[in-house]
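In what follows, a single structure is set out as structure tokens and then discussed.
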Amino acid sequence: MLQGHERSITQIKYNREGDLLFSCSKDQKPNVWYSLNGERLGTYDGHQGAVWCLDVDWESRKLITGAGDMTTKLWDVEYGTIIASIPTKSSVRTSHFSFSGNQAAYSTDKAMGQSCELFLIDVRNADSSLSEQEPTLRIPMTESKITSMLWGPLDETIITGHDNGNIAIWDIRKGQKVVDSGSDHTGGINDMQLSKDGTMFVTASKDTTAKLFDSESLMCLKTYKTERPVNSAAISPILDHVVLGGGQDAMEVTTTSTKAGKFDSRFFHLIYEEEFARLKGHFGPINSLAFHPDGKSYASGGEDGFVRVQTFDSTYFENIFE
């Protein structure tokens, strides 16, 4: 149980080795923790608004955060200093490093008369001059705003999930859309996470389902159904399992919701689409989930401001689908 945020968690993420866990929340300060014992290593002070998203690069050297104070910030992970602060015209909803860590992408909200846009920056030798430089690519979103984003394989494409349930793949060399999923989801997409090999990704949507997609063709492969909006979903790196987390929207939460099991983490079989386990813990909706890279534990961040790291016992690894 990691307690250090004053307000609800917006996103959590492990680094590649899994020894560090990064969390950001609406209290303006992203945190970094030792995932093994839950000790807090430090905070990244500098944002003036709710931090909506974060990502850490392959080498755990740089951290990128996007916030409601209309900036994207690049941080030095080790020293907690700001490398660059990039101003935007509206709040930043998603931010991601590419697989190589050479580039980063972030998207802004449709608000205050500004349309939603997708930006690409080169972060290879990033310094404070990055805030004045033009982004290497800028794609305006005309239809629906981006609510989640992933880099495709080989850093050549970006997969975006939208508020209207649409998913699209963008070719960053051409700067245009190459694949569109159509309307597999009927509600906004809250979260997307890749499988370990990058061939598939799982989506979490307000339409109460999570779906598994092929990351090149955007073909819908599997559907995991629940009764309430899904805020986050993650794929196990070692087993055919998917974990889903959600609950109601924060404004609809009542005191009886915890008893009704609305804030559980729910485990589904990747292939059979069957739910086989539930884990309680949070006092509010789960906003973000992440599997540890070794697949032996997972972390969840909730509306209650806590991050919970849960280690699986030996029975979890036994094959229950005979």
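The values are calculated or read from the model by the stated rules, or taken from the named source; none is laboratory data. These figures come from a predicted structure and were not determined experimentally. Every residue, glycine as well, gets a Cβ built from its backbone with ideal geometry; the counts of neighbours run over all protein chains shown. Ligands, DNA and RNA are excluded from the accessible area calculation, which covers all protein heavy atoms including side chains. Shrake-Rupley method; radii C 1.70, N 1.55, O 1.52, S 1.80 Å.
Listed by first and then second residue, the pairs linking a residue in region 168-194 that is under 17 Å from Pro229 (Cβ atoms) and in contact (Cβ under 8 Å) with a residue 24 or more places away in the chain to a residue that is among the charged types (D, E, K, R) and surrounded by 12 or more Cβ atoms within 10 Å (Cβ to Cβ), with Cβ atoms under 7 Å apart and 6 or more places separating them unless they lie on different chains, are Asp184/Lys211; His185/Asp207; His185/Lys211; Gly187/Lys206; Gly187/Asp207; Gly188/Asp163; Gly188/Lys206; Asn190/Lys206.
Scanning region 1-42 for residues that are in contact with a Leu (Cβ under 9 Å, 6 or more places away or on another chain) and among the basic types (Lys, Arg) returns Lys13, Arg40. Out of all the residues in region 169-194, which are in a loop (DSSP other than H, G, I, E, B) and at negative phi? Residues satisfying the conditions are Ile172, Arg173, Lys174, Ser181, Ser183, Asp184, His185, Thr186, Gly187, Gly188. Within the option set Thr226, Thr199, Thr147, Thr157, being open to solvent by 60 Å² or more (accessible area, probe 1.4 Å) and β-branched (Val, Ile, Thr) holds for one residue only, Thr199.
When His5 is tested against the conditions (1) modelled with pLDDT of 90 or more; (2) part of a loop (DSSP other than H, G, I, E, B); (3) buried (at least 19 other Cβ atoms within 10 Å of the Cβ), the lone failure is (1). For region 78-102, taking the residues that are open to solvent by less than 50 Å² (accessible area, probe 1.4 Å) and more than 13 Å from Thr65 (Cα to Cα), the one that is modelled with the highest pLDDT is identified as Ser98. When each of Leu212, Leu221 is tested for being open to solvent by less than 10 Å² (accessible area, probe 1.4 Å) and not in a loop (DSSP other than H, G, I, E, B), the lone residue that passes is Leu212.
Could you look through region 119-144, keep only residues that are of a type in the set (Val, Ile, Thr) and open to solvent by less than 70 Å² (accessible area, probe 1.4 Å), and pick out the one that is nearest to Gly101 (Cα to Cα)? Restricting to residues being of a type in the set (Val, Ile, Thr) and open to solvent by less than 70 Å² (accessible area, probe 1.4 Å), the top hit is Val123. Give region 103-116 a look and list any residue that's within 18 Å of the chain's Cα centre (by Cα) and open to solvent by 30 Å² or more (accessible area, probe 1.4 Å), or say none. Within region 103-116, just Gln103 meets the criteria.
Conditions (1) modelled with pLDDT of 95 or more; (2) in contact with a Lys or Arg (Cβ under 7 Å, 6 or more places away or on another chain); (3) over 27 Å from Val32 (Cβ atoms), marked per residue:
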{"site": "Thr209", "(1), (2), (3)": "no, yes, yes"}
{"site": "Ser215", "(1), (2), (3)": "no, no, yes"}
{"site": "Gly246", "(1), (2), (3)": "no, yes, no"}
{"site": "Glu275", "(1), (2), (3)": "no, yes, yes"}
{"site": "Phe312", "(1), (2), (3)": "no, yes, no"}
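Among the strands (runs of 3 or more DSSP E) confined to region 282-322, the ones with at least 2 residues that are open to solvent by less than 30 Å² (accessible area, probe 1.4 Å), within 21 Å of Leu194 (Cβ to Cβ) and in contact (Cβ under 8 Å) with a residue 60 or more places away in the chain are located at 286-291, 297-302. Do you know which residues across region 31-79 are among the aliphatic types (A, V, I, L, M) and closer than 30 Å to Gly113 by Cβ? Scanning region 31-79 gives Ala50, Val51, Leu54, Ile64, Ala67, Met70, Leu74.
For the structure I just gave you, tell me whether Ile82 is touching an Asp or Glu at 6+ places or on another chain (Cβ under 9 Å), within 24 Å of Ser232 (Cβ to Cβ) and not polar (S, T, N, Q). It is false that Ile82 is touching an Asp or Glu at 6+ places or on another chain (Cβ under 9 Å), within 24 Å of Ser232 (Cβ to Cβ) and not polar (S, T, N, Q).
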